[in-house]
Structure formats: structure tokens, C-alpha cells
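**Student:** Here you go, one structure.
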Amino acid sequence: MIDDRDIYPIDSPLIAELASELKAKDVMTYNVITLYPQQKVIQAKEIMRLKKISGIPIVDNENRIEGIISIDDIIHYLEIRDLEAAISKYMTRKVVTVLEDQSIIEVLKQFKRNKYGRFPVVDKDRVLKGIITPGDILVRLLQILENHMVQQQTERTVRKVKGFENDVNIDESKAFVLNFVIEGGDVSQAGEASSNLKRTLADTGRYSPIFLRKVAVVSYEAEVNVVIHAYRGTMTVLVTPDFVKIIIVDEGPGICDIDLALEPGWSTASEHVRELGFGAGMGLYNMKRWSDELMIESIPGEGTTVTAIININ
Amino acid sequence: MKLGDIAKLLDAKVIVGDTTALEMEIKIACGADLMSDVLAYTKEKTLLLTGLTQSQVIRTAELMDLNAVIFVRGKKPDQNAIRLAKEKDIPLLMTDLPLFESCGLLFGQGVRGCIEWRDRDD
């Protein structure tokens, strides 16, 4: 039970909006423990102790509210040591209830006005439908906020940084694919995949040094990014007679703000990574500079895919 | 300027590299502690002067076709860096001089910078 009344004033516009849309019935607990007026107070006391609740609505045979018995009433009963007493003798009869269609914001105001820890929720005939506490409201609002944030997070962002305006037709008979695995975490190993890629291309003797350097920079920066920021990744390189397409897919935190990440000098890398001469916020900027086409796709919380095309001529 | 003459000028010790390597002609050099800057701006056949000593420096030199690496401020490369440099055949030197003075001495002898910054359009 939350007794701190200071939590009720609402400052957040989002919470205020949620609270005005939500109704008591969206938040309340449905399975309410109830008792009849003729049952004994000692039963109420035991149920409260065992179920760890602080109040029980008292209803008639039609489930209409007759009263409520709370810890305060129980204390009174214990002081008097009236062991065999019926609930009707000690219960509070002037019960503040809320209607099931009342908005949460009104319920919160009720909690602020009255110093009660719970309200029975009733329909227009005073039939009990549920019970609501400030804690129920808080939990529900937090759930909604959490869902809201998760939904925002899983949105895929696609940013065509450079080029990618037209689809390219690839003659598959003249193309080949190279695959590399990149392990995250160990910065001292970063560069293995890019080094292998460059050597493989260089060994064919078909490419100019400047082209090989472009491929090397783009793949190396992408590889370092995976090692620094992600858990693991793959680099797939499609080599065609006209261009190479480098696709780096990682499982990692993703990029929250791609435009910001593209700014030279913007970085979230650790001090350790910076000591190794990286993490200065130049990676994506370098990739943009040396590639002919660049596209970044990211799902925050899941990972990032970087696709770069480098033309051979 | 030959790499061997540069070694004498900077009073540098050769860690990796044979006599053939010391005959290498150096026209362009770059002083940087940030590998991303090296990746962004250097041209091939460049001498890199740096205060960083781990294997990423060698990796960068390899990928960018740099000529050789000189470690400044008396910094000694770690064993991984030396092993990688031998494997990739990249000469390594070390000098006690700081980066600025090392670059200054080379510039005085006609070695030039690696960035064509006057022509940059980005």
C-alpha cells in the first residue's frame, strides 16, 4: 500500500494524458475478497493477515456495498478485545466508492481528498465490481510507459546516408560472395576480417590500390564498430565486376540517433577504446567519405546493419 | 629521404626491418595518435609517426599500405604489435623524441604531409 500522498500531483503530460483516458475498470483488481456483515471480525483479521491486504469490502447478498473493514477498524476491535463480534459492529459504513467508468485522474483526486488506502469500485447500483489502490494505478501507468518505450525502441530506422537511390541489378553469374565472422569485445583482434578481405581482393590482381584502400577503410571502420559496440557480427561482401557491396550485420545495442552518430567527433566509445586510437567518432564519417553509397539500418536493442557500395571504376 | 637516414636523424632504433627496408624512400609522413584520422586522411606510401603502440597501429598501416611506423616519445610497441609487423613486413622504429619535434625534423628535410588539405572538398 502506498501512503505517500505526495505522489498524486501529476506533472508529466504523458501521464496526465494516460490518466485521463484510463478508467477505474482498466486498473482495478477484479477478484475482490469480500465478507458479509454478519461474519466475525476475527475472520476479517485473519484474511487480512494471510492475504496481506489492508481492507475488505463488506457486501450484502446482491454484492452491493454495505461497508468496508480496514486495519484501523481491526485495531479498534483488538483494543476492545471483542472476540466474537460481527463485522457489522466495527466496519465503516460511510464508504467512499468510485464508479467503474470514472477516469483514473478523478480517482487520483479522490485519493488526494480522502485519506483512504483503497476504494471499492461499483456500478451505478452500488454493486461491487472491483477494488482500486494507488499502487494499482502506479503499476498500470508504469506498464503503459514501459510498453510505450519498448514500442519506440523496436522501430527500425533506415537511413540512406549516401546514394542507394536506385536498385542495382546484379549479374549473379559474374559475382561472388565472401563471408567473415566478427567477434565483439576484443578490440586488439579488430581488423582480421578486413585484412583478409583486402588480401583476398588484392591477390586477384584486378583492383587498383586506391580501390583496395577504400574497401579497407570502410570494412575496417565497420569491423571496429562491431567489435567496440556489438556482441558479434558478420561481414558479407558481394564482389561484382562493377562494384563491391559490403554488408555488416551485428547483434548489438543499435544506434538510437543515426544522424547524430554520423557527426564527426560524436562517440559513445569507452576510454579503453579511445586509448587504442579509435572511438573518436570518426568511424561512420570515414565510411561515408570512402564509400560511393552508404546505408545504415538500426533497431535499438537489436542491432545495426551497415551496407556500403564501393565502385570499382 | 631514406628510412635509414630518418632513423639517424631521429636517433631511432629499428625494431622491425632489414637493410632493404632502410633503403626505402620516404616522401610523405603523417603524425597522429588517432587511427581513425589515419584512415580518413593518409595516402599510401606514407610514414606514420605515432605515440600509440598496440597492434591496431600495425593493422591500420597494413590496411592503408603505409610504408613504415615510427613510435615517438620513447614508447615501445607490445609483442603483438611486433609480431604482426613482422608478419606483414612493416618496418617499425622507435625514437625518444616527441611527435612534434620528430615531424619538425622530417619536414625540415623536405618530407611533406599526407593530406591534400588544400584540395579537400568535404
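The values are calculated or read from the model by the stated rules, or taken from the named source; none is laboratory data. Please read all numbers here as calculations on a predicted model, not as lab measurements. Counting neighbours? That spans all protein chains shown, and the Cβs are built from the backbone with ideal geometry, glycine included.
**Student:** Give, as residue ranges, the strands (runs of 3 or more DSSP E) completely inside the range A:150-241 that count at least 3 residues that are more than 19 Å from A:Ala261 (Cβ to Cβ). Write out each step before concluding.
**Tutor:** On the way: elements: A:157-162, A:176-183, A:232-239.
Per the criteria, A:176-183, A:232-239.
**Student:** Which residues, counting only those in the range A:180-202, are surrounded by 10 or more Cβ atoms within 10 Å (Cβ to Cβ) and more than 10 Å from chain B (Cβ to nearest Cβ)? Quick ask: steps written out before the conclusion?
**Tutor:** To start, the set of residues in the range A:180-202 that are surrounded by 10 or more Cβ atoms within 10 Å (Cβ to Cβ) comprises A:180-185, A:187-202.
Selection gives A:Phe180, A:Val181, A:Ile182, A:Glu183, A:Gly184, A:Gly185, A:Ala193, A:Asn196, A:Thr200, A:Leu201.
**Student:** Which residue is farthest from A:Gln102 (Cα to Cα), if the candidates are limited to the range A:25-71 and must be assigned to a loop (DSSP other than H, G, I, E, B) and charged (D, E, K, R)?
**Tutor:** Filtering the range A:25-71 for residues assigned to a loop (DSSP other than H, G, I, E, B) gives A:28, A:30-34, A:36-39, A:52-54, A:60-63.
Filter again for charged (D, E, K, R), leaving A:52, A:60, A:62.
On the way: A:Lys52: 27, A:Asp60: 23, A:Glu62: 22 Å.
If we take residues in the range A:25-71 being assigned to a loop (DSSP other than H, G, I, E, B) and charged (D, E, K, R), then A:Lys52 is farthest from A:Gln102 (Cα to Cα).
**Student:** Give the range A:289-312 a look and list any residue that's more than 30 Å from the chain's Cα centre (by Cα), more than 9 Å from chain B (Cβ to nearest Cβ) and of a type outside the set (A, V, I, L, M, F, W, C), or say none.
**Tutor:** Passing the criteria: A:Ser291, A:Asp292, A:Glu293, A:Asn311.
Rundown of residues vs (1) buried (at least 24 other Cβ atoms within 10 Å of the Cβ); (2) under 21 Å from A:Glu192 (Cβ atoms); (3) in contact with a His (Cβ under 7 Å, 6 or more places away or on another chain); (4) among the acidic types (Asp, Glu), yes/no style:
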{"residue": "B:Ala21", "(1), (2), (3), (4)": "no, no, no, no"}
{"residue": "B:Ala29", "(1), (2), (3), (4)": "yes, no, no, no"}
{"residue": "B:Ala32", "(1), (2), (3), (4)": "no, no, no, no"}
{"residue": "B:Lys43", "(1), (2), (3), (4)": "no, no, no, no"}
{"residue": "B:Thr60", "(1), (2), (3), (4)": "yes, yes, no, no"}
{"residue": "B:Arg73", "(1), (2), (3), (4)": "no, no, no, no"}
{"residue": "B:Lys76", "(1), (2), (3), (4)": "no, no, no, no"}
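**Student:** Among the numbered conditions (1) within 14 Å of another protein chain (Cβ to nearest Cβ); (2) free of Cβ contacts under 8 Å to residues at least 24 places away in the same chain, tell me where B:Glu101 comes up short.
**Tutor:** Looking at each condition in turn, B:Glu101 falls short on (1).
**Student:** Only residues that are more than 8 Å from chain B (Cβ to nearest Cβ) and crowded, with 17+ Cβ neighbours inside 10 Å: list them for the range A:254-278, please.
**Tutor:** Passing the criteria: A:Gly254, A:Ile255, A:Ile258, A:Ala261, A:Leu262, A:Pro264, A:Ser267, A:Ala269, A:Val273.
**Student:** Ok, one more. Checking the condition in contact with a Ser or Thr (Cβ under 8 Å, 6 or more places away or on another chain) and within 17 Å of B:Gln109 (Cα to Cα), which residue from B:Leu48, B:Leu9 passes? Break it down into steps so the answer makes sense when it comes.
**Tutor:** On the way: B:Leu9 fails: in contact with a Ser or Thr (Cβ under 8 Å, 6 or more places away or on another chain).
Sole residue among the options that is in contact with a Ser or Thr (Cβ under 8 Å, 6 or more places away or on another chain) and within 17 Å of B:Gln109 (Cα to Cα): B:Leu48.
**Student:** Of the residues that make up the range A:7-17, is at least one modelled with pLDDT of 90 or more and loosely packed, with under 12 Cβ neighbours inside 10 Å?
**Tutor:** Let us first name the residues in the range A:7-17 that are modelled with pLDDT of 90 or more, namely none.
No: the range A:7-17 contains no residue that is modelled with pLDDT of 90 or more and loosely packed, with under 12 Cβ neighbours inside 10 Å.
**Student:** Please state which of the following conditions A:Asn114 fails to meet, knowing it meets all the rest: (1) in contact (Cβ under 8 Å) with a residue 24 or more places away in the chain; (2) under 19 Å from A:Thr29 (Cβ atoms).
**Tutor:** (1)
**Student:** Among B:Ile6, B:Ile82, B:Ile15, which is the only one that is within 11 Å of the chain's Cα centre (by Cα) and buried (at least 17 other Cβ atoms within 10 Å of the Cβ)?
**Tutor:** Details: B:Ile82 fails: within 11 Å of the chain's Cα centre (by Cα); B:Ile15 fails: within 11 Å of the chain's Cα centre (by Cα).
Checking each option against the conditions leaves just B:Ile6.
**Student:** Could you please give the count of residues in the range A:163-184 that are touching a helix residue (DSSP H, G or I) at 6+ places or on another chain (Cβ under 7 Å) and of a type in the set (Gly, Ala, Ser)?
**Tutor:** Of the residues in that region, 1 qualify.
**Student:** Filtering the range A:266-288 down to residues that are in a loop (DSSP other than H, G, I, E, B) and of a type in the set (Ser, Thr, Tyr), which residue is nearest to the chain's Cα centre (by Cα)?
**Tutor:** At the first step, the residues of the range A:266-288 found to be in a loop (DSSP other than H, G, I, E, B) are A:266-270, A:276-282.
Right, trim to of a type in the set (Ser, Thr, Tyr) and you get A:267-268, A:270.
Details: A:Ser267: 23, A:Thr268: 20, A:Ser270: 24 Å.
Selected residue: A:Thr268.
**Student:** Only one residue in A:Glu275, A:Glu302, A:Glu251 is touching a Gly at 6+ places or on another chain (Cβ under 8 Å) and within 21 Å of A:Ala190 (Cα to Cα). Which one?
**Tutor:** Details: A:Glu275 fails: touching a Gly at 6+ places or on another chain (Cβ under 8 Å); A:Glu302 fails: within 21 Å of A:Ala190 (Cα to Cα).
So the residue among A:Glu275, A:Glu302, A:Glu251 that is touching a Gly at 6+ places or on another chain (Cβ under 8 Å) and within 21 Å of A:Ala190 (Cα to Cα) is A:Glu251.
**Student:** Considering the range B:19-64 alone, what residues qualify as being among the acidic types (Asp, Glu), within 21 Å of B:Glu87 (Cα to Cα) and within 8 Å of chain A (Cβ to nearest Cβ)?
**Tutor:** Applying the first criterion (among the acidic types (Asp, Glu)) to the range B:19-64 yields B:23, B:25, B:33, B:37, B:44, B:62.
Applying the additional criterion that residues be within 21 Å of B:Glu87 (Cα to Cα) yields B:23, B:44, B:62.
If the condition is that a residue be among the acidic types (Asp, Glu), within 21 Å of B:Glu87 (Cα to Cα) and within 8 Å of chain A (Cβ to nearest Cβ), then B:Glu44, B:Glu62 are the ones that fit.
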